[in-house]
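The values are calculated or read from the model by the stated rules, or taken from the named source; none is laboratory data. What you see is a predicted model; the values in this text were computed from it and never measured. Cβ placement follows ideal geometry from the backbone for every residue including glycine, while neighbour counts extend to all protein chains displayed. With ligands, DNA and RNA removed, areas are computed over all heavy atoms of the protein, side chains included. Shrake-Rupley method; radii C 1.70, N 1.55, O 1.52, S 1.80 Å.
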Amino acid sequence: MRALQLVTDCEGPLVLNDHAFELCRDFLKPDGARFFRQVSRYDDYLANLVKKPDYRAGDILKRILPFLKAFGLSNAKMLDYSLKTIQLMPGAAAAYKFLHKQGFPIFALSTGYRQFAEAVGSKLGFAKDRIFSTDLDLDGYSLAKGEAEELRRLKEEIAAAPEMELPPEAASLNDLPVELQEAIGQLDRIFWELIPAMDIGRIYQEVNPLGGEEKARALGDSLAQTGLALKDTIYVGDGLTDVQSFKAVAAEGGLGISFNGDRDAVEAAEVIVVADNAWSIALLACICHLWGKDGVLEVANKGTQSLVLPEAVIEPLMRGLHGHNFSLYAASTMNRDQVVPESAAMRAKLRGQAIAAFG
C-alpha cells in the first residue's frame, strides 16, 4: 500500500456546526445571529473586496472575542457548550472509527477555537497532538465593568446597522450604496479605533486564528510529525480558509478534496465530493491508500468499477454508503456551473441555510 496521510478540516467535513456563529447566536442575545452575520460580511468586505493588508479570512474569530467576553463567556462555559452542541456529520463517528484502523495517520485542522476542536476530536478518536486549531484562553483576559458595558452597547449598534449585503459586482467601497458605506464606516471605527483602545483590545494582537496561511503551515507541521510529504497527502476542506492548503498539496502531487464546499473550495480542489455522509471520504481515502491518487482520479473521471478493494475494507464502506447521496467529480472535467450550485445546495441541506451562507 502507498504512503498516505489524511488531513481534514473540522467544520463541514467532520461536523455540521459553525461554532463561532452558534456562540454569538446563543450568548449574545438578543440579535446575536444578526450580529455575527454583520461581522462576517464585514470580514468578507475586508478580506475580499478591499483586500486590507494583513487581514486574513478567519480573522472574524478574534473580532468577536471581546463581545463574547463581555457577555460572560469563559473557557469552562465554552468547553461545556461545545460538548453539548456538537453535531457530527452523518456517518462521521463510524467512518472515522473505521479509518483510524486502516493504518495511516489522520489529522484535523480547524480554524475554530481549540475548546471546540478538541471536543470534536474526543468524539471521533483524534489524538490531541493531531488536532491543530486556534488557541484561546478567554480566562487570561480581564474586562473592566465600563468596557463590558461599552461592548454590549457596541454589539447592539452593530446588530442594528443596515444589512451588510455586498453586491456581487462591487469592486471597491465606492461601488457600494451610500447606506452600506456608512455602515462600514461604523464598523471601521468600532474594530480599528474603539476596541483597540480598550484594555481588552490586546486580544486582537494575541489571538492568531488558524486561517488560510496558518492552516497551510499546520499542514506542514502535521507532516513533520509523520515524516511524510505533501505528495502523500489527502487534504479535505470546504471553504476559503482551505484554499492555500489545497494549492500546497496540488503543487507537490497530493490530492485536494472539496467536501460539500463553497465556490472557493470547489474551484481550488482537484476532486469534488457532494455527499450527505462522511463515508464518501472513507471510500476515497481507501482507494488512494491502495491505488494512489491516480486511482481516485480514475474513479472521478470514469466511474470505473475496475479498482478492487479488499473484502474486509469494501464491506463496511458499502454498508456506510448504502442509501446515501454521493456524487464525485474531477475538477479537470466537471461542469463548474452545475457542480458549484449542487455542492452549495448539499451544504445548505445538511448545515442549514444560515450556516452554509458563511462559507
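Key figures for this structure:
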item: Estimated 222 nm signal from helices in the chain, with DSSP H stretches of n ≥ 4 weighted -39500 (n - 2.57), rounded to 500; result: -15000 deg cm²/dmol
item: When each of Lys84/Lys302; Lys52/Lys293; Lys128/Lys247; Lys123/Lys302 is checked by Cα-Cα distance, pairs over 32 Å; result: Lys84/Lys302; Lys52/Lys293; Lys123/Lys302
item: Residues of the range 47-91: accessible area per residue with a 1.4 Å probe, Å²; result: 43 Å²
item: Cα-Cα P(r), the range 148-261, percent of pairs per 5 Å interval; result: 2, 10, 13, 13, 11, 13, 13, 11, 9, 5, 1
item: Estimated distance in nm for a label pair at Leu83 and Ala354, the labels positioned 7 Å out from Cα along Cα-to-Cβ; result: 2.5 nm
item: Rg/Rg_globular for the range 1-124, with Rg_globular taken as 2.2 N^0.38 Å and Rg from C-alpha atoms; result: 1.21
item: Column: log10 I(q)/I(0), Debye, Cα scatterers of the range 291-344, q = 0.20, 0.26, 0.30, 0.32 Å⁻¹; result: -0.89, -1.14, -1.19, -1.21
item: Contact order normalised by residue count of the chain, Cα under 8 Å, 6+ apart, percent; result: 22 percent
item: Label point distance in nm, Met318-Lys247, each placed 7 Å from Cα along Cα→Cβ; result: 4.2 nm
item: Two-site label geometry, Tyr141 and Gln102: point separation in nm, points 7 Å out along Cα→Cβ; result: 3.9 nm
item: Zone of Ala93's modelled label, taken as backbone nitrogen in the range 111-142 under 20 Å from a point 7 Å along Cα→Cβ; result: 116-128
item: Using a Förster distance of 51 Å, the FRET efficiency for Ala3-Lys29 (Cβ separation, nearest 0.05); result: 0.55
item: Gained length - Asp199 relative to Lys52, 0.36 nm times residue gap less alpha-carbon distance; result: 50.5 nm
item: For the range 83-142 versus the range 11-58, the gap between their alpha-carbon centres in whole angstrom; result: 20 Å
item: Globularity index of the chain, i.e. its alpha-carbon radius of gyration over 2.2 N^0.38 Å; result: 1.01
item: With every protein chain in place, the range 297-359: carbon and sulfur % of accessible area (1.4 Å); result: 52 percent
item: Loop trypsin sites (Lys or Arg not before Pro), the range 31-70 (other Cβ atoms within 10 Å of the site Cβ: 12 or fewer; DSSP); result: Lys51
item: Sorted peptide list for 240-249, 219-228, criterion being average Cβ within 10 angstrom, highest first; result: 240-249, 219-228
item: Per residue value of the accessible surface for the range 234-309 (all protein chains in place, 1.4 Å probe), Å²; result: 31 Å²
